[in-house]
Amino acid sequence: TVLGDLTLDISASDGGLSLGVTLARAAHRPALAGLLDVARDTVVAAARAALTAQLAAVCDAIDLHAIDHGLPRSLEDVTGAALDPWGHPLDYAQPAVQRRHHRYDLCSRGPDGVAGSADDVCHE
């Protein structure tokens, strides 16, 4: 219990972090909703920053592999199982399908895990 009328239940598992909130007084709900929005936005921004760095590092590994052996047939040839910050496998296509001016595509399906949706992120 926090502040007398606010109860937080936090649990962690391999699947992520879960937060339960109970408010005794409805008057505090708008302020709490604002705080939760800020927390969610911070977590999403951190995940996207980590993804950008991850995609750059995997692209470097692909490019180094290409120097001696040509482009890899799969990501496992250079990185093992590469998962994005949301636990989904990265998508690698060679030759490039989405960005035809590139030699290959390296993309994350984003938080929803669905390829081709608006939250996908590809390395530029």
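The values are calculated or read from the model by the stated rules, or taken from the named source; none is laboratory data. As the structure is a computational prediction, the values presented were derived from the model and not from experiment. Cβ placement follows ideal geometry from the backbone for every residue including glycine, while neighbour counts extend to all protein chains displayed. These accessible areas exclude ligands, DNA and RNA; they are computed on the full protein's heavy atoms, side chains included. Shrake-Rupley method; radii C 1.70, N 1.55, O 1.52, S 1.80 Å.
Scan the stretch 80-109 for residues that are closer than 19 Å to Ala49 by Cβ and either open to solvent by 30 Å² or more (accessible area, probe 1.4 Å) or at pLDDT 90 or above (or both) and report the count.
11
Ala66 versus (1) part of a helix (DSSP H, G or I); (2) closer than 22 Å to Ala47 by Cβ; (3) small (Gly, Ala, Ser): which is the lone unmet condition?
Going through (1) part of a helix (DSSP H, G or I); (2) closer than 22 Å to Ala47 by Cβ; (3) small (Gly, Ala, Ser) one by one, Ala66 breaks only (2).
Listed residues Ala45, Ala57, Ala66, Ala50; which is modelled with pLDDT under 85 and either out of contact with any Ser or Thr (no Cβ under 9 Å at 6 or more places or on another chain) or of a type in the set (Gly, Ala, Ser) (or both)?
Result: Ala45 is the single residue among Ala45, Ala57, Ala66, Ala50 that is modelled with pLDDT under 85 and either out of contact with any Ser or Thr (no Cβ under 9 Å at 6 or more places or on another chain) or of a type in the set (Gly, Ala, Ser) (or both).
Can you tell me which residues in the stretch 55-93 are touching a residue at least 40 places away in the same chain (Cβ under 8 Å), among the aliphatic types (A, V, I, L, M) and touching a His at 6+ places or on another chain (Cβ under 9 Å)?
Residues satisfying the conditions are Leu55, Ala56, Val58.
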